[in-house]
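Below is one structure, written out as structure tokens, with a few remarks after it.
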Amino acid sequence: MRIGHIDLSRHIAAAEEQLVVLIEALTMRGVEQHVLVRNPFLAKRLSVCPGVSVGPIVKSSVTACILMPTVDLVHSHEPKAVSAGMLLNLTRSVPYILTHRQFITPGNSPIHRLKYRRCDGIVCPSEHISSVMLDYVSDKPVDTIGDACNADNAIDPENGRISAKGMAAEYLRVYRRTLDGRCMPARQL
């Protein structure tokens with residue numbers, strides 16, 4: 001399985017820290033990954049992970065779509081990256097999942113609705129955000145996967161924190177479900 005990650009944020013915030021934790025944890029499980037990011041410091045930080053190819057630096061969804069190599073699945077980590085996921089789905093039939101971290105829905109414009117309707121799954125860091133997304137797109141799988149702790153990998157269920165290892169296992173479950181759902185059984189004669 002080869003996973004493509006896209007994050008078009010300019011700055012490194014909590015979401016990007018979680019991206020680093022996820023990529024490192026997936027690397028420990030032997031998952032091959034390619035990452036396209038906008039922030040050069042984030043790219044440099046991720047480039048030291050074994051089994052992870054990074055770059056080039058991208059600033060737009062269209063550029064990310066063009067420069068993404070062949071992957072089995074794309075994970076869009078922030079709102080701008082969702083457009084890239086949709087473009088990859090439309091042009092190359094690559095399935096994509098997205099992470100939604102906001103407490104509000106993306107909006108009711110036809111473009112926003114299309115981006116979320118075409119995805120193969122939505123991951124939220126809390127039950128509250130998951131319930132908001134289920135109201136927005138009721139026909140897609142919505143999973144709740146808490147953020148991983150950075151300090152000593154301790155589990156803190158009260159604040160929705162899980163271990164990096166646990167987070168990687170949950171995302172792998174979502175990735176496998178998505179890829180398994182896209183397979184077409186052979187036609188029987």
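The values are calculated or read from the model by the stated rules, or taken from the named source; none is laboratory data. Remember, predicted model here, so these are calculated numbers, not experimental data. Reconstructed Cβ throughout: ideal geometry from the backbone, glycine too, with neighbour counts over all protein chains shown. Just so you know, the surface numbers come from the protein's heavy atoms only, side chains and all, with ligands and any DNA or RNA stripped out. Shrake-Rupley method; radii C 1.70, N 1.55, O 1.52, S 1.80 Å.
Per-structure values
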{"item": "Yes/no for Val58 being open to solvent by less than 20 Å² (accessible area, probe 1.4 Å) and within 13 Å of the chain's Cα centre (by Cα)", "result": "no"}
{"item": "Among the residues listed as Glu16, Glu24, the single one being of a type outside the set (Lys, Arg) and open to solvent by less than 50 Å² (accessible area, probe 1.4 Å)", "result": "Glu16"}
{"item": "Residue match in region 18-28 (condition: among the aliphatic types (A, V, I, L, M), without any contact (Cβ under 8 Å) to a residue 40 or more places away in the chain, over 24 Å from His112 (Cα atoms) and part of a strand (DSSP E or B))", "result": "no"}
{"item": "Pairs with Cβ under 6 Å, 6+ apart, first in region 75-86 and in a helix (DSSP H, G or I), second among the hydrophobic types (A, V, I, L, M, F, W, C)", "result": "Lys80/Leu8; Ala81/Ile6; Ala81/Leu8; Val82/Leu98; Ala84/Ile6; Ala84/Ala64; Ala84/Cys65; Gly85/Val74"}
{"item": "Region 27-45, residues that are closer than 23 Å to Ser60 by Cα, open to solvent by less than 70 Å² (accessible area, probe 1.4 Å) and hydrophobic (A, V, I, L, M, F, W, C)", "result": "Val35, Leu36, Val37, Leu42, Ala43"}
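Residues are listed down the side, and each one gets a yes or a no for (1) open to solvent by 10 Å² or more (accessible area, probe 1.4 Å); (2) on the phi < 0 side of the Ramachandran plot; (3) touching a residue at least 40 places away in the same chain (Cβ under 8 Å):
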residue	(1), (2), (3)
Pro69	yes, yes, yes
Leu90	yes, yes, no
Val94	yes, yes, yes
Leu98	no, yes, no
Gly107	yes, no, no
Ile111	yes, yes, no
Arg118	yes, yes, no
Thr144	yes, yes, no
Ala148	no, yes, yes
